[in-house]
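The values are calculated or read from the model by the stated rules, or taken from the named source; none is laboratory data. This is a predicted model, so every value here is computed, not measured. So basically every Cβ, Gly included, is an ideal-geometry build from the backbone, and we count neighbours across all protein chains shown. Just so you know, the surface numbers come from the protein's heavy atoms only, side chains and all, with ligands and any DNA or RNA stripped out. Shrake-Rupley method; radii C 1.70, N 1.55, O 1.52, S 1.80 Å.
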Amino acid sequence: MPVSNTNASHDFIFAKLHGLWANAVKGDVLDKLLRSGTPEALQRNLHAFGLDMPSREEFNKELMAREIGFLDRTARLLDEAAAEFYRSLIAKTYYSNLKTMLHYRFFPEREGDVSWLLIDAPDLPSFNADQLLEAVGTKAFIAQLPLSSGITAEALSNIIFALEKDKDIMVAECALDRMCYANILAHAAATPLDMRATCKELVECEIDITNISMLLRNVKTYKLDGKRLERLWLQGGALLSPELLSQLATSESVPKAVSLLPRLYGNMLDPLKETALFHSENRLWNHLYGLAAKAFRDFDNEALSIAAFPFLVHFETLNIGRVYEAVHFGIPTRDMQDMMIGA
């Protein structure tokens, strides 16, 4: 049963969030992790943040559970509308679990226990992996799938029957992403007025960045046809409509596509247009981090810290995950620093 919200004062929440962020993995603390050198040293350094790092798979689940915990505990302090925005962000976990189940259901060549890939989150439905994978027939599989905010049984059925027919997992995943972000945008638009514009700005920017990343990868590598691409774009971005993205996708090169982007993004990426794509993607994510950090530091509007906090925590999660992978693969510290967001 969901726990009722406290609806604490913004003064209290502002102080609490800034106290949490003061002890986050950033700055000198992040630099210490980067310089861990060995998995054993990294494990010791991560203990202070409640991360035991028992195995690669379990570590990723621990890391996600840590982020979800921050959001869930904060949501319980908020008014109902702001809390629902936080819960819509937590619900990304549900959509991720759903994608995992589709992979293992329709691509049975995958071996192993799927349950270790599924992440539990408060107030979200859980997936009975064994029961779902043993369901006889697609209708029975669909009937046993739990539903969450932002998705209907009919919409989910349409996605799954299409996947069964064409085996296009990329289209299925993007359809789920569109529902996920539509749900987040709807809750962002329903937050209190003092934080609504910032919530929408941050989500819309995230959508733009996700779409630009898909655009540049397609121009560089995928070369997908226009009809298929139309089914992949997220809707609701700040500066890039699906129609414009489909036009840009016909560009013959990454530099050409970058030159046609809206000025804000084009100026960011122009110096990086001849480099590996991860440099451009990191530049875009650093832009979103900057927007969130600026809002979080606005002491004249305490509600903006509430809007920005989930984004900062997510980037902290990404950074820790990247440090973990880099240390395990022996990537030099200097190269690792280029991978950090907001560092």
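Remarks
- Check on Glu206, more than 24 Å from the chain's Cα centre (by Cα), in contact (Cβ under 8 Å) with a residue 40 or more places away in the chain and not in a loop (DSSP other than H, G, I, E, B): no
- Among the residues listed as Thr6, Thr74, the single one being of a type outside the set (Asp, Glu), touching a residue at least 60 places away in the same chain (Cβ under 8 Å), over 23 Å from Ala175 (Cα atoms) and assigned to a loop (DSSP other than H, G, I, E, B): Thr6
- Residues in segment 216-223 include at least one that is assigned to a loop (DSSP other than H, G, I, E, B) and either out of contact with any Asp or Glu (no Cβ under 7 Å at 6 or more places or on another chain) or under 22 Å from Phe311 (Cβ atoms) (or both).
- Scanning segment 42-60 for residues that are touching a residue at least 40 places away in the same chain (Cβ under 8 Å), surrounded by fewer than 16 Cβ atoms within 10 Å (Cβ to Cβ) and over 13 Å from Glu325 (Cα atoms) returns a single hit, Glu58.
- Selection from segment 186-195 of residues that are part of a helix (DSSP H, G or I), touching a residue at least 40 places away in the same chain (Cβ under 8 Å), open to solvent by 20 Å² or more (accessible area, probe 1.4 Å) and of a type outside the set (Gly, Ala, Ser): His187, Asp194
- Taking the listed residues Leu133, Leu98, Leu102, the one that is of a type in the set (A, V, I, L, M, F, W, C) and open to solvent by 20 Å² or more (accessible area, probe 1.4 Å) is Leu133, with no other qualifying.
- Cβ-Cβ under 6 Å pairs, at least 6 apart or on other chains, segment 238-266 side within 22 Å of Tyr181 (Cα to Cα), far side surrounded by fewer than 17 Cβ atoms within 10 Å (Cβ to Cβ) and among the acidic types (Asp, Glu): Ser246/Glu230
- Each residue in segment 196-236 was checked for being basic (Lys, Arg) and at positive phi, and 1 of them qualify.
One line per residue, one yes/no per condition, for (1) over 24 Å from the mean Cα position of the chain (by Cα); (2) charged (D, E, K, R):
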residue: Thr6; (1), (2): yes, no
residue: Ser9; (1), (2): yes, no
residue: Phe14; (1), (2): no, no
residue: Asn23; (1), (2): no, no
residue: Val29; (1), (2): no, no
residue: Ser36; (1), (2): yes, no
residue: Glu40; (1), (2): yes, yes
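- Any helices (runs of 4 or more DSSP H) falling wholly within segment 224-343 and containing at least 2 residues that are within 23 Å of the chain's Cα centre (by Cα) and crowded, with 17+ Cβ neighbours inside 10 Å: 242-248, 263-269, 277-296, 303-328
- Qualifying residue in segment 119-130 (condition: assigned to a helix (DSSP H, G or I) and touching a residue at least 60 places away in the same chain (Cβ under 8 Å)): no
- Residue that is farthest from the chain's Cα centre (by Cα), among those in segment 151-195 that are at negative phi and basic (Lys, Arg): Lys165
Every residue, every condition in (1) modelled with pLDDT under 90; (2) open to solvent by 40 Å² or more (accessible area, probe 1.4 Å); (3) in a helix (DSSP H, G or I); (4) within 30 Å of Asp113 (Cα to Cα), yes or no:
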| position | (1), (2), (3), (4) |
| --- | --- |
| Asp11 | no, yes, yes, no |
| Lys16 | no, yes, yes, no |
| Val25 | no, no, no, no |
| Val29 | no, yes, yes, no |
| Leu33 | no, no, yes, no |
| Ala65 | no, yes, yes, yes |
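- Qualifying residue in segment 311-327 (condition: in contact (Cβ under 8 Å) with a residue 40 or more places away in the chain, closer than 19 Å to Leu51 by Cβ and in contact with a Ser or Thr (Cβ under 8 Å, 6 or more places away or on another chain)): yes
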